[in-house]
Structure formats: C-alpha cells, structure tokens
Amino acid sequence: MSITQDDLKRAVAQAAVAYVPVDCIVGVGTGSTANFFIDELARIKHKIRGAVASSEASAKRLQQHGIEVLSLNDAGELSVYVDGADEITRHLHMVKGGGGALTREKIVAAASKKFICVCDSSKLVDVLGKFPLPIEVIPMARSYVARELVKLGGQPRLREGFTTDNGNLILDVHNLRILNPVELETTLNHIAGVVTNGLFARRGADVLLLGTASGVQTLTV
Ligand code: 5RP
C-alpha cells in the first residue's frame, strides 16, 4: 500500500505532540495538517489547559473535541504554536495563508515561544513564491494595494467570494520569486491598507517536522 499525503500529514501531526509541554496552552494553526494535529491533541487533552486558535474553523474543531479554546488576551505568552505552511525553505521561512487565516496565524505565532511547522515533503522549496503569496487587505484599499503589488513585480488576483475571519479581502500574488523574504515581508507590511502578508520570515519556524516517505525529518535553523 502506498503512502498518501494524508499519511504524511498525520505522521507529522503525531510527531508534533511531543513538543507540547504538560499543562500548557497550545497555539493551534489552520488547515488540513493543523486539523490532523488537533485530532492528535484530543488524545492528550487531559494533559493540557487548553488552546488558542488561529481561526474560527480551528476553534470549532478544537471545541468539537472538548478542548477549551481561550482568547489570546486571556492566555498570555504561549509555549508552543503548531501550524502548517504552503511553502517552506531550509531557512524555515514560509509562505502561509492558503486557508486565509494568515493574520491570526501571524499573531498567535508572534505570541508563542516556539513555532513548530508541520508539513508533508511537497511543501519544501528552494525559493518561495511559486505558491501565490496571500495578502490580507482592508476592502477599501484593494485597488491601491493591487497597484503597489504590480509595481513590485507581482500579479495580484482577488480571492473571489472569500472574506477573512477579520472581515477583510485576500489578494493572492502570482509570479513572485522571493529571494529575500525578510526584506519583502517588511516592504509589504509598509503598504497602506495591507493588514498582513503571508510571508513568515521575520518570525519563521523554529522546528520543521517534514513528512517524507522514509519517515518524519526534523529540521532546525
Ligand atoms: C492557512 C495556512 C495553512 O497553514 C496552509 O495553507 C497549509 O495548509 P494545509 O496544511 O492544508 O496544506 O496558512 O491559512
């Protein structure tokens, strides 16, 4: 029987549980890999105090498992944040936001001591940008931000029919070859009307658990 992408996601989710300290509040990401992690977390729910979710969808899944969901304001600093990525490099810089949860993901990651990224091997790349870079934008700034993104060499496309948990829009930027993610993340943050961009380079992951056909590999910087 051949190994599926879901098998790899489940394997990294299981491996991530080892990074969750007893009696802690866990930061939880969004997406299909994060969902596997939530399902694994349910098995040890008696050992944790609860979770802070990076999206309404993850909050719902956590609650369905009987895991208490706390607000970040009540939880304070978190010891660990576990989330997937759309692309990741060996420097543990990421593109995230394929699920549109980038802003809350960036906030919860920033408030966590350790970021554990869980991915199947298809997400590991040499250069970021093949996956369109998501940018969360205040609705009235959509056209202005799109023009600024074109000036930077990208091709922004509005994510049709999608509104973020924060009530904003997503522009997915195609055709970027991101050779300096830290610099581009900073540049994008300075465009008026941009709430968050999907580059997680200034605060990248601390550990990558990469699911491969030969097992889970652990990469650190
Ligand atoms: C959601 C994200 C996800 O982490 C990213 O899209 C990866 O998702 P998946 O695990 O389903 O491949 O950033 O906003």
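Consider only pairs whose beta carbons are under 6 Å apart and that are at least six residues apart or on different chains; among these, list those whose first residue lies in the range 98-127 and is within 18 Å of LEU219 (Cβ to Cβ) and whose second residue is among the polar types (S, T, N, Q) and part of a strand (DSSP E or B).
Correct list of pairs: SER121/THR212.
Return the only residue of LEU210, LEU199, LEU169, LEU179 being under 16 Å from GLU87 (Cα atoms) and open to solvent by 30 Å² or more (accessible area, probe 1.4 Å).
That would be LEU179, the only listed residue that is under 16 Å from GLU87 (Cα atoms) and open to solvent by 30 Å² or more (accessible area, probe 1.4 Å).
If you scan the range 7-59, which residues turn out to be in a helix (DSSP H, G or I) and basic (Lys, Arg)?
Passing the criteria: LYS9, ARG10, ARG43, LYS45, LYS47.
In the set GLY98, GLY50, which member is modelled with pLDDT of 95 or more and more than 21 Å from THR163 (Cα to Cα)?
One residue alone meets the criteria, GLY50.
For the range 77-89, does any single residue satisfy the condition of being among the aliphatic types (A, V, I, L, M), under 17 Å from the mean Cα position of the chain (by Cα) and in a helix (DSSP H, G or I)?
Within the range 77-89, none of the residues are among the aliphatic types (A, V, I, L, M), under 17 Å from the mean Cα position of the chain (by Cα) and in a helix (DSSP H, G or I).
Six or more apart or on different chains, Cβ under 7 Å: which pairs go from a residue in the range 17-30 that's touching a residue at least 12 places away in the same chain (Cβ under 8 Å) and away from the ligand (no atom under 16 Å from the Cβ) to one that's assigned to a strand (DSSP E or B) and polar (S, T, N, Q)? Could you list them?
Going by the 7 Å Cβ cut-off, the qualifying pairs are PRO21/SER79; CYS24/SER79.
Specify which of the listed residues (GLY193, GLY215) is on the phi > 0 side of the Ramachandran plot, surrounded by 13 or more Cβ atoms within 10 Å (Cβ to Cβ) and touching a residue at least 40 places away in the same chain (Cβ under 8 Å).
Testing whether each residue is on the phi > 0 side of the Ramachandran plot, surrounded by 13 or more Cβ atoms within 10 Å (Cβ to Cβ) and touching a residue at least 40 places away in the same chain (Cβ under 8 Å) leaves just GLY193.
Go through (1) among the hydrophobic types (A, V, I, L, M, F, W, C); (2) more than 14 Å from the ligand (Cβ to nearest atom); (3) open to solvent by 10 Å² or more (accessible area, probe 1.4 Å) for VAL80 and report which single condition fails.
All conditions pass for VAL80, except number (3).
Within the range 144-166, restricting attention to residues that are farther than 29 Å from SER58 by Cα and free of Cβ contacts under 8 Å to residues at least 24 places away in the same chain, which residue is least open to solvent (accessible area, probe 1.4 Å)?
Taking the candidates together, the pick is GLY154.
How many residues are over 21 Å from ASN180 (Cα atoms) and in contact with an Asp or Glu (Cβ under 7 Å, 6 or more places away or on another chain) when one looks only at the range 134-157?
The total comes to 1.
Yes/no per residue for (1) touching a helix residue (DSSP H, G or I) at 6+ places or on another chain (Cβ under 9 Å); (2) assigned to a loop (DSSP other than H, G, I, E, B):
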{"site": "GLY161", "(1), (2)": "no, yes"}
{"site": "LEU171", "(1), (2)": "yes, no"}
{"site": "LEU176", "(1), (2)": "yes, yes"}
{"site": "GLU183", "(1), (2)": "no, no"}
{"site": "THR187", "(1), (2)": "no, no"}
{"site": "LEU210", "(1), (2)": "yes, no"}
{"site": "LEU219", "(1), (2)": "no, no"}
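Of everything in the range 89-133 that's surrounded by 23 or more Cβ atoms within 10 Å (Cβ to Cβ), β-branched (Val, Ile, Thr) and near the ligand (Cβ under 10 Å from one of its atoms), which residue is farthest from LEU169 (Cα to Cα)?
Restricting to residues being surrounded by 23 or more Cβ atoms within 10 Å (Cβ to Cβ), β-branched (Val, Ile, Thr) and near the ligand (Cβ under 10 Å from one of its atoms), the top hit is VAL118.
Filter the range 44-59 for residues that are more than 16 Å from the ligand (Cβ to nearest atom), closer than 20 Å to GLN14 by Cβ and not aliphatic (A, V, I, L, M) and give the result.
LYS45, HIS46, LYS47
The values are calculated or read from the model by the stated rules, or taken from the named source; none is laboratory data. Predicted, not measured: the structure shown is a model, and the values here were computed from it. Cβ sites come from the backbone with ideal geometry, for glycine too, and all protein chains shown count toward neighbours. Ligands, DNA and RNA are stripped out before the accessible areas are found, and what is left, the full protein with its side chains, is counted by its heavy atoms. Shrake-Rupley method; radii C 1.70, N 1.55, O 1.52, S 1.80 Å.
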